[in-house]
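Take a look at the structure set out below.
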Amino acid sequence: MAAKYDVVVVGAGNAGLSAAVKCAVEGKKTLLIDQHNLPGGCASSFRRGRFEFDPSVHEICDFGPEDNKGHVRLLMERNGVNVDWITVPECYRCISTYSDGTPMDVTMPCGREQFIDAMEKYVPGSRGPMEKFFDLLLEVRAAKVYMNDGTPNDAKYMQKHFPNTLRACGYNSLRVLQALRMPQKAIDILGVYWPYLGVPLDEINFFHFGNMIDMYVIRQAVIPHHTSHEISMTFMNRFYELGGEAWFNCRAEQFLFDGDKVCGVRTSLGDVECEQVLANINPDIIDAKMIPKELVPERDKKLSAARNKKFSTKFCMIYMALNRPVEEIGIKDYCIFFAETADSRKEYELMKSIDNGYNILISYNTLIPDFSPEGTCVISFTKLFSESEDWAKLTPEEYYKVKDKMIAKCIDDVKKNLNIDITPYIEEVEVATPMTFARYLGTPDGTPYGFELSDWDGIIARMMDVQADFTIKGLRHIGAGSFMADGYSSTWINGDLCAQMVCADLREGGKK
């Protein structure tokens, strides 16, 4: 064990990997630790029988093509992380009902003009509002570039250069879309992605929602060729190339202090001395279990109380391997959303129940023919929950019955919506519930998404003064519980930005 490090990164999930590589790129002596025996957190893989499954990734946004690079692509190029990416050709298919109760079955393409043309076909008269919507997103994108450059954000500069962004981002997404005179059916179609953010259109800040639409529609999404474990191992290999050190099967137990500044980490393998810590851990867990109570900042206590344990979306993942090729089975789309209603508020309320009907089907072999052994295919289903009370009330016997019920519901969704019976072809099936993710990730309620975004605690409010989010000297929390919130792309960017801040602190003597 080395005597001292510049930086210790706790947690080798997406944010931790990104932060560790950035610190190593900057020449800092960096130690990465994780309680698991392999890196990645949700960005991993597991095997059942002859099949390999991806635990969580659907699509990765903000990557972009060569002529319109997104933040994720720029981040990975800048840090020398080279993954074999596959571009997703379409945004999504959604089978649901519109807010007025009429049937909905839409397939939306990527690209501004193609997306607008498709919307006009499904909702005649929507072209004008859609043009205004995408024009506004151009400014939102420029504002995001400014806010993510690693320097303090200047409110006056933003007022001068991004006035429409600031005006729109003072409201929720539904209100902005209505102000643009967007037809309700067009709002329903645009809103399909809202569960990826965890809160409905009448609550999610427009900056966050608009930025997500821009990343998916204009820049297109990508997925790794060989599951998200490929991404994590690429980060790790780059970290090792740069001289980084990693300890796995190592649990961080406490943060050590010299006065009011963190000076090290107590781990299951011994104490580690360092100048700075980047912790990919939920802030509530840090304050409750890992630092002395008298050193918990007053702001942290107030923020935790205000959030009132409002943890974001929880997932139940159903993984299936079928012993027939996807072409023979007849699933033609990579991503299909099944929802009881396209009304996001109604769907959010329905998601409080364990019996809700929301489901996302991902068909990996539709996009990557060699994803599984020849003559087979792999699909996954994602069911979302806005509350966890129903899960917490289950007895062990009920828990297993609910998992079986989830499997049956997925089979029924495919049969009812696609007229395909996958039952005879199922070779392997596995279910991961919020309890599985809680045990595996160590996150409250099993959410990979951190705290639920709200009007006062939205992404733009968090990012306007990111330094205020870090109240303990020498310690910054990263990941989904930090200022960039949820998702693969967000957590990579968050880890990278926080690493930049730490490196700046070290250049100034490490006193912050």
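The values are calculated or read from the model by the stated rules, or taken from the named source; none is laboratory data. Just so it is clear, the model here is predicted, and its values are computed rather than measured. Here the Cβ positions follow ideal geometry from the backbone for every residue, glycine too, while neighbour counts run over all protein chains shown.
Brief remarks on what is shown
- Helices (runs of 4 or more DSSP H) within region 106-210 that include 1 or more residues under 27 Å from LEU361 (Cβ atoms) and outside the structural domain of TYR358 (by TED's automatic domain parsing): 112-122, 127-147, 173-179, 184-190
- Per-region count, region 283-315, residues in contact with a helix residue (DSSP H, G or I) (Cβ under 6 Å, 6 or more places away or on another chain) and of a type outside the set (A, V, I, L, M): 6
- Among residues of region 461-492, those that are of a type in the set (Val, Ile, Thr) and crowded, with 23+ Cβ neighbours inside 10 Å, counted: 2
- Listing of strands (runs of 3 or more DSSP E) fully contained in region 309-395 that carry 1 or more residues being more than 26 Å from ASN419 (Cβ to Cβ): 314-322, 377-385
- Extreme residue, surrounded by the most Cβ atoms within 10 Å (Cβ to Cβ), among residues of region 146-204 that are at pLDDT 90 or above and of a type in the set (Asp, Glu): ASP188
- Region 493-507: number of residues that are surrounded by fewer than 23 Cβ atoms within 10 Å (Cβ to Cβ) and in contact with a strand residue (DSSP E or B) (Cβ under 9 Å, 6 or more places away or on another chain): 4
- Exclusive hit being over 22 Å from CYS42 (Cα atoms) and in the same structural domain as PHE255 (by TED's automatic domain parsing), set ALA461, ALA480: ALA461
- Matching residues in region 349-380 - criterion: being surrounded by fewer than 20 Cβ atoms within 10 Å (Cβ to Cβ) and small (Gly, Ala, Ser): SER353, GLY357, GLY375
- Residue count, region 428-483 (criterion: more than 15 Å from LEU278 (Cβ to Cβ), of a type outside the set (Val, Ile, Thr) and outside any helix (DSSP H, G or I)): 17
- For SER386, the test of being surrounded by 20 or more Cβ atoms within 10 Å (Cβ to Cβ), among the hydroxyl-bearing types (Ser, Thr, Tyr) and out of contact with any Gly (no Cβ under 6 Å at 6 or more places or on another chain) is passed.
- Check on TYR240, closer than 29 Å to CYS23 by Cβ and either free of Cβ contacts under 8 Å to residues at least 12 places away in the same chain or among the hydroxyl-bearing types (Ser, Thr, Tyr) (or both): yes
- Check on VAL262, part of a helix (DSSP H, G or I) and either of a type in the set (Phe, Trp, Tyr) or crowded, with 17+ Cβ neighbours inside 10 Å (or both): no
- For GLU275, the requirement of being in contact with a strand residue (DSSP E or B) (Cβ under 6 Å, 6 or more places away or on another chain), within 19 Å of GLY495 (Cα to Cα), part of a strand (DSSP E or B) and not hydrophobic (A, V, I, L, M, F, W, C) is met.
- Within region 463-484, the set of residues being touching a Phe, Trp or Tyr at 6+ places or on another chain (Cβ under 7 Å) and modelled with pLDDT of 80 or more comprises LEU475, ARG476, ALA480, GLY481.
- Residue match in region 278-294 (condition: touching a residue at least 60 places away in the same chain (Cβ under 8 Å) and assigned to a strand (DSSP E or B)): yes
- Some residue of region 330-348 being of a type in the set (S, T, N, Q) and surrounded by fewer than 15 Cβ atoms within 10 Å (Cβ to Cβ): no
- Restricting attention to region 85-134, the residues being in contact (Cβ under 8 Å) with a residue 24 or more places away in the chain, more than 21 Å from TYR196 (Cβ to Cβ) and touching an Asp or Glu at 6+ places or on another chain (Cβ under 7 Å) number 1.
- Options SER380, SER372: the member that is under 23 Å from TYR449 (Cα atoms) and polar (S, T, N, Q): SER380
- Region 11-63: number of residues that are part of a helix (DSSP H, G or I) and either touching a Leu at 6+ places or on another chain (Cβ under 8 Å) or within 15 Å of SER489 (Cβ to Cβ) (or both): 11
- Candidates THR443, THR447, THR433 - the one that is surrounded by 19 or more Cβ atoms within 10 Å (Cβ to Cβ) and at pLDDT 95 or above: THR433
- Leading residue by the ranking (modelled with the lowest pLDDT) among those in region 59-89 that are surrounded by fewer than 19 Cβ atoms within 10 Å (Cβ to Cβ), closer than 30 Å to GLU347 by Cβ and not polar (S, T, N, Q): PRO89
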